Amino acid sequence: MLLAVLSLSSCYDRSVLDDKGLNYFMPIAENVQYTQDNATVTLTWKIPTEVPEEFIRPIAVQIQVVENDIYRDRITLVNEETSHAFTIDPAKKYRYIVKLVGTFTGDAQETGRTSSVTSKGVIIKIE
């Protein structure tokens, strides 16, 4: 009995967990790249031209910072910025996850549902 419970608890369908029952999605950031100049890393990206009209403009950009496999920070840029610079320790490893975040217009917002949608992340590794 215990074995059956353990085996069932470790199985799940990620798409079911990610589904928020919405008919809208946020496209991913395009052409995500980085440049490094010693201790400064600059991320750049493009906002897709095909953002559904149900989202308020400007679109926000969220960047998660992982340093040596430890989640360190989350930065939100709210004016459709297309770059951001970070100061790093060149001896450490970094991962940046760039996501777009859209907030629904009043007409598209469904009662009892989330007011925003986040895109899948684009991961940049700096080692």
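The values are calculated or read from the model by the stated rules, or taken from the named source; none is laboratory data. Quick caveat, the model's predicted, so the values are computed rather than measured. Virtual Cβ from ideal backbone geometry, glycine too; neighbours counted across all protein chains shown.
Just need a number here: residues in the stretch 111-127 that are part of a strand (DSSP E or B) and basic (Lys, Arg).
To start, the set of residues in the stretch 111-127 that are part of a strand (DSSP E or B) comprises 116-118, 122-126.
Pick out the ones that are also basic (Lys, Arg) and you get 125.
Residues meeting the conditions: 1.
So that you can scan it fast, the table gives a plain yes or no per residue for (1) touching a residue at least 12 places away in the same chain (Cβ under 8 Å); (2) in a strand (DSSP E or B); (3) over 13 Å from Pro27 (Cα atoms):
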{"site": "Val51", "(1), (2), (3)": "yes, no, no"}
{"site": "Arg57", "(1), (2), (3)": "yes, no, yes"}
{"site": "Tyr96", "(1), (2), (3)": "yes, yes, yes"}
{"site": "Gln109", "(1), (2), (3)": "no, no, yes"}
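How many of the residues in the stretch 45-70 are β-branched (Val, Ile, Thr), more than 20 Å from Ser116 (Cα to Cα) and crowded, with 16+ Cβ neighbours inside 10 Å? Let's see the steps before the verdict.
The initial filter retains those residues of the stretch 45-70 that are β-branched (Val, Ile, Thr), namely 47, 49, 51, 56, 59, 61, 63, 65-66, 70.
Subsequent filtering for residues that are more than 20 Å from Ser116 (Cα to Cα) retains 65-66, 70.
Going one step further and asking which of them are crowded, with 16+ Cβ neighbours inside 10 Å, we end up with 65-66.
Counting residues in the stretch 45-70 that are β-branched (Val, Ile, Thr), more than 20 Å from Ser116 (Cα to Cα) and crowded, with 16+ Cβ neighbours inside 10 Å gives 2.
Go through (1) in a loop (DSSP other than H, G, I, E, B); (2) of a type outside the set (Ser, Thr, Tyr); (3) at negative phi one by one and return the number of the condition Glu80 breaks.
(3)
Quick check on my filter: what residues within the stretch 13-62 are on the phi < 0 side of the Ramachandran plot, modelled with pLDDT of 90 or more and among the polar types (S, T, N, Q)?
Scanning the stretch 13-62 gives Gln33, Thr35, Gln36, Thr40, Thr42, Thr44, Thr49, Gln62.
Scan the stretch 70-94 for residues that are among the charged types (D, E, K, R), touching a residue at least 12 places away in the same chain (Cβ under 8 Å) and under 22 Å from Thr40 (Cβ atoms) and jot them down.
First, pick out the residues of the stretch 70-94 that are among the charged types (D, E, K, R): 72-74, 80-81, 89, 92-93.
Checking which are touching a residue at least 12 places away in the same chain (Cβ under 8 Å) leaves us with 74, 80-81, 89, 92-93.
Arg74, Glu81, Asp89, Lys92, Lys93, listed by residue number.
Run down Leu43, Leu100 and say which single residue is more than 12 Å from Ile124 (Cβ to Cβ) and either in a loop (DSSP other than H, G, I, E, B) or within 16 Å of the chain's Cα centre (by Cα) (or both).
Leu100
Going by the structure shown, is Val117 touching a residue at least 60 places away in the same chain (Cβ under 8 Å), touching a Ser or Thr at 6+ places or on another chain (Cβ under 7 Å) and crowded, with 16+ Cβ neighbours inside 10 Å?
Values: touching a residue at least 60 places away in the same chain (Cβ under 8 Å): yes; touching a Ser or Thr at 6+ places or on another chain (Cβ under 7 Å): no; crowded, with 16+ Cβ neighbours inside 10 Å: yes.
In short, no.
Here are some residues: Asp73, Asp89. Which one is at pLDDT 95 or above, loosely packed, with under 15 Cβ neighbours inside 10 Å and not in a strand (DSSP E or B)?
Working: Asp73 fails: not in a strand (DSSP E or B).
Answer to the selection: Asp89.
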